[in-house]
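Chemist: Mind having a look at this structure? Questions to follow.
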There are 2 protein chains.
Amino acid sequence: MPVYKAPVNDTLFVLNNVLGIDRYHNLPGFEDATPDMIEAIVGEAAKLAEEQLFPVNLSGDQEGCTRHDDATVTVPKGFKEAYDAYCQGGWLGLAVPAEYGGQGLPYTLHSAVGEYMSSANMALMMYPGLTQGAIAAILVHGSEEQKATYLPKMVEGTWSGTMNLTEPHCGTDLGLLRTKAVPNGDGSYKISGQKIFISAGEHTMTDNIIHLVLARIEGAPEGTKGISLFIVPKFMVGADGSVGARNGVTCGAIEHKMGIHGNATCVMNYDEATGYLIGAENKGLAAMFVMMNEARLGVGLQGLSIAEIAYQNAANYARERIQGRSLSGVKASDKKADPIIVHPDIRRSLLTIKAFTEAGRAFTLWTALQSDIAHRSGDEKEKQTADDLLGLMTPILKGVLTDKGFDHAVMAQQVYGGHGYIEEWGMSQYVRDARIAMIYEGANGIQALDLVGRKLGLNGGRAVMALFNEIGAFCEENRGDEKMVVYTKGLKKGLNDLQASTMWFMQNAMAKPDNAGAGSTDYMHLFGLVVLGYMWAKMAKSANEALAAGTGDADFYQNKLLTGRFYMERIMPETALRKTRIETGADTMMEMAAEAF
Amino acid sequence: MPVYKAPVNDTLFVLNNVLGIDRYHNLPGFEDATPDMIEAIVGEAAKLAEEQLFPVNLSGDQEGCTRHDDATVTVPKGFKEAYDAYCQGGWLGLAVPAEYGGQGLPYTLHSAVGEYMSSANMALMMYPGLTQGAIAAILVHGSEEQKATYLPKMVEGTWSGTMNLTEPHCGTDLGLLRTKAVPNGDGSYKISGQKIFISAGEHTMTDNIIHLVLARIEGAPEGTKGISLFIVPKFMVGADGSVGARNGVTCGAIEHKMGIHGNATCVMNYDEATGYLIGAENKGLAAMFVMMNEARLGVGLQGLSIAEIAYQNAANYARERIQGRSLSGVKASDKKADPIIVHPDIRRSLLTIKAFTEAGRAFTLWTALQSDIAHRSGDEKEKQTADDLLGLMTPILKGVLTDKGFDHAVMAQQVYGGHGYIEEWGMSQYVRDARIAMIYEGANGIQALDLVGRKLGLNGGRAVMALFNEIGAFCEENRGDEKMVVYTKGLKKGLNDLQASTMWFMQNAMAKPDNAGAGSTDYMHLFGLVVLGYMWAKMAKSANEALAAGTGDADFYQNKLLTGRFYMERIMPETALRKTRIETGADTMMEMAAEAF
């Protein structure tokens, strides 16, 4: 049976040593985030994840969700109790402003504890996760009345939220959407149409479900310029906030999915349901992107979370499973065979994952910190720099952490041999669950296009130039430190490949955009390799400093240095391959006729 | 709903143009394999796969197998009919000698049609697949009486076979096995113990099941030197070949697996079951390896098969799904959006798979041809060379085609976006089915170790040197041909990396075997890249020759050249990364304490 232990020390190392979160005490919400307070919060989150969420994860996968003939949906046993424990602990509103019932703490802290929650039970965490996306959209685009009506209940978790974008014929290309909105004359609208793949679309864990729905107002322009965003509650809400009659929205079916069986992924039918415009008419995409950007960070985190729990179990299995003998001679002479962790190929697999999860955690929290700075700083220049970086990192974080998170769940499963293929051992679930993160909230090919086609050139490349300068400066500053050589050398080499590829796009993709598309996925991963390498270099610096200061557990820091060295030796060299591929351009792939594929 | 069309023209191109199978007409069984005959056989196989096996594939996954309280097992609806059609067509014994009821045709042809069968229904094909492994072992190690008793029924498919190796505590390391055999005094044995993960272990599609079981005879030495192989029929077989009383072997449970749901993977309990020694006492591993080597080729083929069917469906989807517009301007102005095949990133994915499956098919058939030569040639030198190559290629074929087959099923699934995650669309099944092939018949880490630790140094490296010479000579011979430059240059570069890495092992792994283990998986893939590149170079040569001769469909050959170019540009450069990783050695990964993982 699988186990889970939240990596609290690793989180604290990133927050305190690497990011130096106490330096930001002047930001709103950070003043309360003292080191002691952070440790206490992270520790409580670990307990919740380990003791309440994780125990119903495997059973939730096996039981799945059930839609009944009356269109109600039952979630797996134990989910409601675990969900209530999560909400009652105040975790849902951890980073939401206090005026709507939240705790106003840093989003960075929300991300830190979010990792544990998704490791422990990704399918369950999607229910509050979708609520958080809806809260974000209402916070930014809702009227004061809408905020007052919906947010407190949603922050408590007594009402949940959803995002309704996709239709059968329209996913990425929202311009094709057909769901329509007809004005009722009283400011409300009648919403009609069908949405698919709606996570947490129907269930009875909450008293109401607040659907945020993209639809086209009658007579609005075609394409993306005619799309508006609506609030469509499952139950009508009275002026006093009470829950009233059922609205015209029902779950038509639940999807049979490869994984996240504990999450009710619904076909939602809107039949003249009453909806309320949120934000301006025909500006629905902008409002939706507030949700979407937040959701992309959350999905990237899922990639990390699943790789982490899969890794933990694979490492345990490798220490316990005895089979064969070490290549360099018997290690456990008291046993009939050595534990398989003596084998280099097993260590290679485990270290590949570990080098990813530890840097992935730093990457996630560093990005989350940019979000906090962008939203909370009083310094316009600082805000802009952070916002630039957040925008640039969002597609990379989503695309790279989920691609690699899946690959590494598969790698961890492989350590188990045949047992990895058997559902009771739990590794299959991690692989099946991790798979969706590469797809939803914009398939990873779309993330790569967002990066290359949009984020790279934004404001004359301001964000990317600033980051290249930052990394270059880091390498330069640490050039003289011999304890840093392996890290800065590897990082510099990767940065050179990334800069050369960026230059190649500038020279070859303006006149021929297919050259950008042809290299986009490789570029996203090249960028990810460099950013994760940067995180390793920063972690190595912090580890060296802690060792020099003689504080804390020396083994912990030595292992960081060792894992970072592995990253630089084995993983970072992939940048050269990515660069080579990018530079071959689009010609060969565009030459083939569509029917010849 | 998924579709399948057997790639008959691609198969015939490899058999006729690339391998020139008519050159081998002097080998037994090949005299009947004229081009017309081959085309007819391949065409019939295509029909069977498309019309009988494929239609019950998705439903078989969804229904799965059921074990009843009386320990009988029901297979999915339609499996029995499809199985019977396969057997009645004589496909099970296609390459088995005529004296046992087979057709004595080339194993190469068996592999060619086997691809179609596994594409169409991998789970179903495992039932006859296991029978074929058991037939191979009985053919080589069985007594004349055993052959006469079992083979004809097994070749007909009225009896099926299994391989019983794994026990709960012992998979890779068979030396740990505990199933015991006690002599009955009449030449038979009582077999007792538990086996797990037994594919096709119990079902009622056949009149009898012939289990081949590894067990330790009472008093035999510990470890692998004390293991013997036994025939344990489900029903006792009378002297006249009639099926009699039930033997003491029952299915204790069927496993809940990630995929291949249509195959009954059983826990088998042996309780003083009557067994008959096959081959010599304590020489069970040698007999088992006859099955195992054959099975490894079959499993490698599964990797190719699943990538092929996943590719076909992804290509169809990409041609049909409209979403967004081309980066280089509107392509389908009559539609609201362009088909997604206009996007370079989709083409990159599809071509990556296509470049793999087409070379993988050539690799499989080329290896199968070595098996035919090794087993059927009258020329000792020729036999030895072929047998060397077969031994060397077996772990690479198994490891690389299944690792990549899985990766490419995932890549094909990604083309579908959200629909790829929904079971009804079929792509999830391909991913889940493909996953097992990386694990069973020796997990791919074991294949890599077999290659580096055993096959590489065998007979002073005779096999590997011969192959390097063959590839080097090919590059040299075609150096002057400007139509071949892109292929021979890419191949030569890859070969150089492979040779350098081989040299590195010779210099660094003798004294320190962990250096071999640390680089084994990278080396296996490096070797695979070069061999698949060699296949592309050979296919390019054949395509150029056909174009020069003006025979056949010029587009077909042009597309081969284009796909091969894509391979050389985008995929072959990975050899440099693999080499870099190998040369970092084992130090970093061995330094970490087991408890620090």
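The values are calculated or read from the model by the stated rules, or taken from the named source; none is laboratory data. From a predicted model like this one, the values you see are computed outputs, not experimental measurements. Virtual Cβ from ideal backbone geometry, glycine too; neighbours counted across all protein chains shown. Surface accessibility is based on the protein's heavy atoms, side chains included, excluding ligands, DNA and RNA. Shrake-Rupley method; radii C 1.70, N 1.55, O 1.52, S 1.80 Å.
Chemist: With unit charges on the beta carbon (Lys/Arg positive, Asp/Glu negative), name the residue among B:302, B:289, B:312 whose Cα is farthest towards the positive pole of the charge dipole of segment B:279-334.
Modeler: Going by the Cα projections, it comes out as B:312.
Chemist: Here's a follow-up. Got a number for carbon plus sulfur as a percent of segment B:341-446's accessible area, 1.4 Å probe? Write down the numbers at each step before the final one.
Modeler: On the way: 1190 of 2200 Å².
Taking all protein chains in place, segment B:341-446 shows 54 percent carbon and sulfur surface.
Chemist: Shifting gears a bit: Kindly write out, for segment A:120-136 in residue order, the coupling ³J(HN,Hα) from the Karplus curve 6.51 cos²θ - 1.76 cosθ + 1.60 (θ = phi - 60°), rounded to whole Hz, with x marking Gly and Pro.
Modeler: Karplus-based 3J(HN,Hα) across segment A:120-136 equals 6, 6, 4, 4, 5, 5, 6, 5, x, x, 5, 4, 4, x, 5, 4, 4 Hz.
Chemist: Give me the 1.4 Å probe accessible area per residue for chain A, excluding ligands and nucleic acids, in Å². Walk me through the intermediate numbers first.
Modeler: Working: 20630 Å² over 597 residues.
Solvent-accessible surface per residue comes out at 35 Å².
Chemist: Amide H to amide H under 5 Å from residue A:257: which residues, 5+ apart in sequence or cross-chain, H placed 1.01 Å off N in plane?
Modeler: Amide H neighbours of residue A:257: B:423.
Chemist: Sticking with this one: State the percentage of accessible surface on segment B:450-588 attributable to carbon and sulfur atoms; use a 1.4 Å probe and exclude ligands, DNA and RNA. Present the calculation step by step, with values, prior to reporting the outcome.
Modeler: Values: 2810 of 5430 Å².
Carbon and sulfur: 52 percent of the exposed surface of segment B:450-588.
Chemist: Which value, in square angstrom to the nearest 100, describes the accessible area buried between chains A and B on both sides, using a 1.4 angstrom probe? Numbers along the way, then the final one.
Modeler: Working: alone 24660 and 24620 Å², together 41230 Å².
Looking at A and B, the buried total is near 8000 Å².
Chemist: For B:163-171, what's the mean count of beta carbons from other chains sitting within 10 Å of each residue's beta carbon? Intermediate results must be reported in sequence, preceding the final value.
Modeler: On the way: counts 0, 0, 0, 2, 0, 1, 5, 4, 7.
What the average comes to for B:163-171 is 2.
Chemist: Continuing with this model, one more query. In chain A, what % of DSSP beta bridges are antiparallel (nearest 5)?
Modeler: Working: 33 of 41 bridges.
Taking every DSSP beta bridge with both residues in chain A, the antiparallel ones total about 80 percent.
Chemist: Right, here's the next one. Order B:70, A:433, most accessible first, counting only protein heavy atoms with a 1.4 angstrom probe. Can you show the working numbers first?
Modeler: Working: B:70 105, A:433 5 Å².
Of B:70, A:433, the descending order of accessible area is B:70, A:433.
Chemist: How large, in percent, is the carbon and sulfur part of the accessible surface of segment B:143-264 at a probe radius of 1.4 Å? Before the final figure, lay out each step's value.
Modeler: Details: 2230 of 4320 Å².
Ligands and nucleic acids excluded, carbon and sulfur give 52 percent.
Chemist: Related question: First measure r as the distance between the Cβ atoms of residue A:510 and residue A:207, then evaluate 1/(1 + (r/R0)^6) with R0 = 51 Å and state the FRET efficiency to the nearest 0.05.
Modeler: Numbers: r = 54 Å, r/R0 = 1.06.
Calculated value: 0.40.
Chemist: So what's Rg/Rh here for the protein assembly as shown, counting alpha carbon atoms and using the Kirkwood radius for Rh?
Modeler: Radius of gyration relative to Kirkwood radius: 0.97.
Chemist: Can you give the accessible area of residue A:65, probe radius 1.4 Å, in Å² rounded to 10?
Modeler: Answer for residue A:65: close to 30 Å² accessible.
Chemist: Under unit Cβ charges (Lys, Arg +1; Asp, Glu -1), what dipole magnitude, rounded to 20 debye, does the protein assembly as shown have relative to its Cα centre?
Modeler: Numbers: 106 positive and 138 negative charges, 365 e Å.
Value, rounded to 20: 1760 debye.
Chemist: So if we plug the beta-carbon distance of residue B:379 and residue A:332 into 1/(1 + (r/R0)^6) with R0 = 51 Å, what FRET efficiency do we get, rounded to 0.05? Before the final figure, lay out each step's value.
Modeler: On the way: r = 49 Å, r/R0 = 0.96.
With a Förster radius of 51 Å, E is 0.55.
Chemist: Counting other Cβ atoms within 10 Å of each Cβ, which trypsin sites (Lys or Arg not before Pro) in segment A:30-133 have at most 12 and sit in a DSSP loop?
Modeler: Numbers: sites: A:47, A:67, A:77, A:80; in loops: A:77.
Loop-located and lightly packed - A:77.
Chemist: Hey, with R₀ at 22 Å, roughly what FRET efficiency would residue A:22 and residue A:458 work out to, going by the Cβ-Cβ distance, to 0.05? Intermediate results must be reported in sequence, preceding the final value.
Modeler: Working: r = 32 Å, r/R0 = 1.44.
Efficiency, rounded to the nearest 0.05: 0.10.
Chemist: How large is the dipole of segment A:450-588 about the Cα centre if only Lys and Arg carry +1 and Asp and Glu carry -1, each at its Cβ, rounded to the nearest 20 debye? Could you put the intermediate results ahead of the total?
Modeler: Numbers: 17 positive and 16 negative charges, 28 e Å.
Around 140 debye, computed over segment A:450-588.
Chemist: If you plug each phi of segment B:272-286 into the Karplus form 6.51 cos²θ - 1.76 cosθ + 1.60 with θ = phi - 60°, what whole-Hz ³J(HN,Hα) values come out, in order, with x for Gly and Pro?
Modeler: Listing the rounded values in order: 6, 6, 7, x, 10, 4, 10, x, 7, 3, 6, 10, x, 5, 4 Hz.
Chemist: If you don't mind, there's one more thing I want to ask. Determine the relative contact order of chain B: mean sequence separation of Cα pairs under 8 Å and six or more apart, normalised by residue count, in whole percent.
Modeler: Relative contact order of chain B: 13 percent.
Chemist: Treating the beta-carbon of each Lys and Arg as +1 and of each Asp and Glu as -1, no other charges, what is the dipole magnitude of chain A about its Cα centre, to the nearest 20 debye? List each step's numbers first, then the result.
Modeler: On the way: 53 positive and 69 negative charges, 296 e Å.
Approximately 1420 debye in magnitude.
Chemist: Using only the alpha carbons of chain A, determine the length spanned along each of the three principal axes and report them from longest to shortest in whole angstroms.
Modeler: Reported extents, whole Å, longest axis first: 78, 60, 60.
Chemist: A further question follows. Note every residue of segment B:435-449 with a reduction of at least 40 square angstrom in accessible area, all protein chains present versus the isolated chain, computed with a 1.4 Å probe, or write none.
Modeler: B:435, B:439
Chemist: P(r) tail for segment A:450-588, what percent of Cα pairs lie past 17 Å?
Modeler: When all Cα pairs of segment A:450-588 are counted, 61 percent exceed 17 Å.
Chemist: In terms of modelled amide H atoms, which long-range or inter-chain residues lie less than 5 Å from the amide H of residue B:278?
Modeler: Excluding prolines and chain starts, which carry no amide H, the hits are B:229, B:230, B:231.
Chemist: Which order do A:296, B:319, B:376 take when ranked by solvent-accessible area (1.4 Å probe, heavy atoms of all protein chains), largest first?
Modeler: On the way: A:296 15, B:319 75, B:376 45 Å².
Order by accessible area, largest first: B:319, B:376, A:296.
Chemist: How far apart, in nm, are two points set 7 Å out from the Cα along the Cα-to-Cβ line at residue A:236 and at residue B:245?
Modeler: Rounded to a tenth, the inter-label distance reads 7.7 nm.
Chemist: Still on this model: Got a sec? Which residues of segment A:541-575 lose 50 Å² or more of accessible surface with every protein chain in place, vs. that chain alone, 1.4 Å probe?
Modeler: A:562, A:569, A:570
Chemist: OK, next. What does the helix-only formula give at 222 nm for chain B: each DSSP H stretch with n ≥ 4 adding -39500 (n - 2.57), the total divided by the residues, and the result rounded to the nearest 500 deg cm²/dmol? Walk me through the intermediate numbers first.
Modeler: Numbers: 17 runs with 310 residues, N = 597.
Mean residue ellipticity at 222 nm (helix-derived): -17500 deg cm²/dmol.
Chemist: Ignoring ligands and nucleic acids, what accessible area does residue A:54 show with a 1.4 Å probe (Å², nearest 10)?
Modeler: 30
Chemist: Moving to a separate point now. Subtracting the Cα-Cα distance from 0.36 nm times the residue separation, let me have the gained length for residue B:583 to residue B:470 in nm, one decimal. Provide the component values of the computation, followed by the final result.
Modeler: On the way: separation 113, 0.36 × 113 = 40.68 nm, distance 2.52 nm.
Stretched out fully, the residue B:583 to residue B:470 stretch lengthens by 38.2 nm.
Chemist: Can you give the accessible area of residue A:560 in Å² (nearest 10), computed on protein heavy atoms with a 1.4 Å probe?
Modeler: Accessible area, nearest 10 Å²: 10 Å².
Chemist: Follow-up. Sort A:570, A:178, B:216 by accessible area with a 1.4 Å probe, largest first.
Modeler: On the way: A:570 10, A:178 165, B:216 40 Å².
Reading off the accessible areas and sorting them downward yields A:178, B:216, A:570.
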